[in-house]
Amino acid sequence: LMYFGMTFVEMLKKNGVVLEGSIVRSSALESRKLFVHSSWPLYQLVAYMNKFSNNFMAEQVIRTLAAETVSVPGTEANGIRKIEEYLRSLGYSGESFRVMDGSGFSRDNRLSASLIVKLLEREYRRWKNGPEFLSSLALMGLDGSVQDRLKDTGRTIRVKTGTLSSISALSGFYPTDYGDIILFSIIFNDWQCGHDEAMRIQHRILREFNRIK
């Protein structure tokens, strides 16, 4: 709450609104509605979140998921519980994964490449919202966090990146010349080669996909 208050004050200052006093934590005796803001539709929020790997938005989405499906206010713990239920519905036991946050920022998260591919496959086959999910992924060489990667392929390779210190992940969909779609997940943990070399290796792997018949 204090973080929200300080952020709100900073936003007011940037827009020319001067606020006297300081931010304090207290219980409101009475309040009145000042302003109502409607956000973008969820599919647009998810598209921006995925294309640019926006961790803050991901953390808000998991809390919104909790608020919509469990109780208000939405909490990270309840959001994680809903994600775990979904992963178990795919046939994975609780011992085969660990979800610690909504953005994948924690080093204690544990998801295997095979689990991620299973997730991609399920969304690819879902008519209800699969197309929206696919369009939310970044296009290599064209937009989002991979705008400058693999510009020369001429392919609509849809991906989601994941990057931490000594960790690099790339997952998504690769269309081949033969009309097939390859679902892939490449995860490097504790690499010693450096981030740029890790990305070059990922690119080499992707270039090999078109040799598969």
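The values are calculated or read from the model by the stated rules, or taken from the named source; none is laboratory data. These numbers come from a predicted model, not from an experiment. Positions of Cβ are generated from backbone atoms using ideal geometry, with glycine treated the same way; all protein chains shown enter the neighbour counts. Surface areas here come from the heavy atoms of the whole protein model, side chains and all, with no ligands, DNA or RNA. Shrake-Rupley method; radii C 1.70, N 1.55, O 1.52, S 1.80 Å.
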Enter the Cα centre distance for the pair segment 123-163 and segment 1-52, rounded to the nearest angstrom. 31 Å
What dipole magnitude, in Debye to the nearest 20, does the chain give about its Cα centre under +1 on Lys/Arg Cβ and -1 on Asp/Glu Cβ? 360 debye
Protection proxy ranking, peptides 96-102, 15-21, average beta carbon neighbours within 10 Å, highest first: 96-102, 15-21
I need the phi-derived Karplus couplings for segment 152-169: 6.51 cos²θ - 1.76 cosθ + 1.60, θ = phi - 60°, integer Hz, Gly and Pro marked x. 8, 7, x, 10, 8, 8, 9, 9, 10, 8, x, 9, 9, 4, 6, 9, 9, 10
Calculate one ³J(HN,Hα) per residue across segment 181-190 by plugging θ = phi - 60° into the Karplus curve 6.51 cos²θ - 1.76 cosθ + 1.60, and present them in order as whole Hz with x for glycine and proline. 10, 9, 8, 9, 8, 10, 10, 10, 10, 6
Given bins 5 angstrom wide, list per bin the percent of all Cα-Cα distances in segment 74-126, short to long. 4, 19, 28, 28, 16, 5, 0
Using only the Cα atoms, work out Rg/Rh for segment 134-211, with Rh taken as the Kirkwood radius, to two decimals. 0.95
The whole-number value in µm²/s of the Stokes-Einstein translational diffusion coefficient for segment 1-145, with Rh from the Kirkwood sum over alpha carbon pairs at 20 °C and 1.002 mPa s, is 118 µm²/s
Given contacts defined as C-alpha pairs under 8 Å and at least six residues apart, what's the relative contact order of the chain, whole-number percent? 13 percent
Ignoring any ligand, DNA or RNA, what whole percent of the accessible area of the chain comes from carbon and sulfur when the probe is 1.4 angstrom? 55 percent
